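Heads up: the structure comes next, in structure tokens.
No lab work stands behind these numbers, since they all come straight from the coordinates. Quantities reported herein were computed from a predicted structural model and do not represent experimental measurements. As a convention, Cβ positions derive from the backbone with ideal geometry for all residues, glycine included, and neighbour counts pool all protein chains shown.
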Amino acid sequence: MTFAVGGLAAWVPTYLVRIRGMELAEANLIFGLLTLVSGLGGTIAGGWLGDRLLPRLPTAYFLVSGVGLALSVPCAAAVILLDDRTWVLAAIFLAEVFIFLNTGPLNAIIANVSRSEVRATAYAVNIFIIHALGDAISPALVGAFSDRVGLATAFWIAPGALALGAVFCFWGMRYFVTDTTWLGSSRDAHPPKLTADR
């Protein structure tokens, strides 16, 4: 997901200028506003939806994230395939809403499967990996593909990366209950040590 978002963030304004004929200032402003609103709305909606489904479905956080990423794939493809600029901007907005649905749920998953004494490290490792393999390299890769095959064709990297992210979320559903059950039993087997002040 971070790979796709990094590539899109770097290249969508250029795409809107080169392929869709917008002025650069207009493209930057519109894309920035779309990202602001969709990021806020998608993040809040994903957290709310995951929390609402969790009492009935233990894997709700993975499900919300996977469905969101899966729904973002046709929207990202529509950005490339549609001709009408209004519909292209609507597709960008919807793709970003669906992408950002996973922000809260995936962070909650990390908290739920990490022991408290290593939780901060788990978040740090996650942040490092998603950026090292994601938005740190995707702008350069999209640019390199753009030089060879054109920007519109290079943009197909984004739907592919989003689809792969959805697959990983659905795959993670298979292990979540086992991981949280194991974590709970290990907490019972190894109760926290009392310190002198407790």
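Which whole-number percentage describes the relative contact order of the chain, with Cα contacts under 8 Å and a sequence gap of 6 or more?
34 percent
Once fully extended, how much extra length lies between Trp87 and Ile127, figured as 0.36 nm per residue of separation less the alpha-carbon to alpha-carbon distance?
11.1 nm
Please sort 148-161, 23-36 by packing, taking for each peptide the average over its residues of neighbouring beta carbons within 10 angstrom, highest first.
Packing order, densest peptide first, comes out as 148-161, 23-36.
Once you have the Cα-Cα distance between Thr153 and Leu24, take 0.36 nm times their residue separation minus that, and quote the gain in nm to one decimal.
Here the answer is 44.4 nm.
Within the set of other residues whose C-beta is less than 15 Å from the C-beta of Leu63, count the net charge using Lys and Arg as +1 and Asp and Glu as -1.
The answer is +2.
What residue among Pro58, Pro139, Pro13 shows peak mean-square fluctuation when the chain is described by a Gaussian network model with Cα springs under 10 Å?
Top of the fluctuation ranking is Pro58.
What ranking of Ser65, Ser116, Ser38 emerges when the number of other C-beta atoms within 10 Å of each C-beta is taken as an exposure proxy, fewest first?
In increasing order of surrounding Cβ atoms, one gets Ser116, Ser38, Ser65.
Candidates (i) -0.65; (ii) -0.56; (iii) -0.49; which is the computed log10 I(q)/I(0) by the Debye sum over Cα atoms at q = 0.11 Å⁻¹?
Comparing each candidate, only (ii) matches the computed number.
Pick out the long, greasy-scoring helices in the chain: whole DSSP H runs spanning 20 Å or more along their own axis by Cα, mean Kyte-Doolittle at least -0.5.
Helices passing the filter in the chain: 2-18, 24-53, 60-81, 85-100, 157-189.
Taking a spot 7 Å from the Cα of Thr14 along the direction of its beta carbon, which residues of region 50-87 have an amide N less than 17 Å from it?
Under 17 Å, as judged by backbone N against the label point of Thr14, lie 80 of region 50-87.
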